[in-house]
1. By how many degrees, between 0 and 90 and to the nearest 10, does the Cα long axis of helix 115-128 differ from the longest principal axis of the chain?
2. In sequence order, what are the phi-derived ³J(HN,Hα) couplings for the range 42-59 according to the Karplus relation 6.51 cos²θ - 1.76 cosθ + 1.60 with θ = phi - 60°, rounded to whole Hz, with x for glycine and proline?
3. Using helices alone, what [θ] at 222 nm do you get for the chain, with -39,500 (n - 2.57) per DSSP H run of 4 or more residues, divided over all residues and rounded to the nearest 500?
4. Based on Cα coordinates alone, diagonalise the gyration tensor for the chain, multiply each eigenvalue by 5, take square roots, and list the semi-axes in whole Å, largest first.
5. What's the Kirkwood radius of the range 1-66 in Å, using all Cα pairs?
6. Measure nothing but the geometry: give the 0 to 90° angle between the long axis through the Cα atoms of 91-109 and the longest principal axis through the Cα atoms of the chain, rounded to 10°.
7. Suppose a student asked you for the relative contact order of the chain, using Cα pairs under 8 Å spaced at least 6 residues apart; what percent would you report?
8. Using only Cα atoms and rounding to the nearest 10 degrees, what angle (0 to 90) does helix 68-87 make with the longest principal axis of the chain?
Amino acid sequence: MSSDADQARQLADLFASMAQEIDAYREQHFNDLSVPQRTILEDAIQKLDDAHDTFTSIAIQDTLNALPDDISQIAAITTQAQKTLKHLNEVAKIVSIASSLAGLAMAITTADYGLIPTAIVSIANVLNQPDTPPAATA
């Protein structure tokens, strides 16, 4: 993964952490704060949350830019998963596919380039598992 994506993710984490700390302080000292002070803290928390979102978006974009060859592979595997889900009745396989897709989405949205190929392989493995025949009824 690019160092820019790592730096953006670190900044996103720092801004999120600061927002949580300020919010915790605001909640603990709510009655001690004047209305204007509460408003200032709430505005600061919102701006820090916005900065977190911005840097997360940058990290995601940098990650996507770093894997142009993988994008077509991601699109192909998710399209295959979508088609499989439409025709599948096996609960365990549906759960496995959903879990694997969520793992891929998390890897991309957290800009964790190292997990993206693993997540793609995980989806492919689930899709390539043979369907279990329905149990015979007595």
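1. Taking the Cα atoms of the chain, the angle to 115-128 is about 30 degrees.
2. Once θ is set to phi - 60°, the couplings for the range 42-59 become 4, 5, 5, 4, 4, 5, 5, 4, 5, 5, 4, 4, 5, 5, 5, 4, 5, 4 Hz.
3. -28000 deg cm²/dmol
4. Three semi-axes, in Å: 42, 22, 10.
5. 12.7 Å
6. The answer is roughly 40 degrees.
7. Contact order relative to length: 30 percent.
8. The answer is roughly 60 degrees.
None of the figures in this text is laboratory data; all of them are computed from the coordinates on show. Please read these numbers as outputs of a predicted model, since none were measured by experiment.
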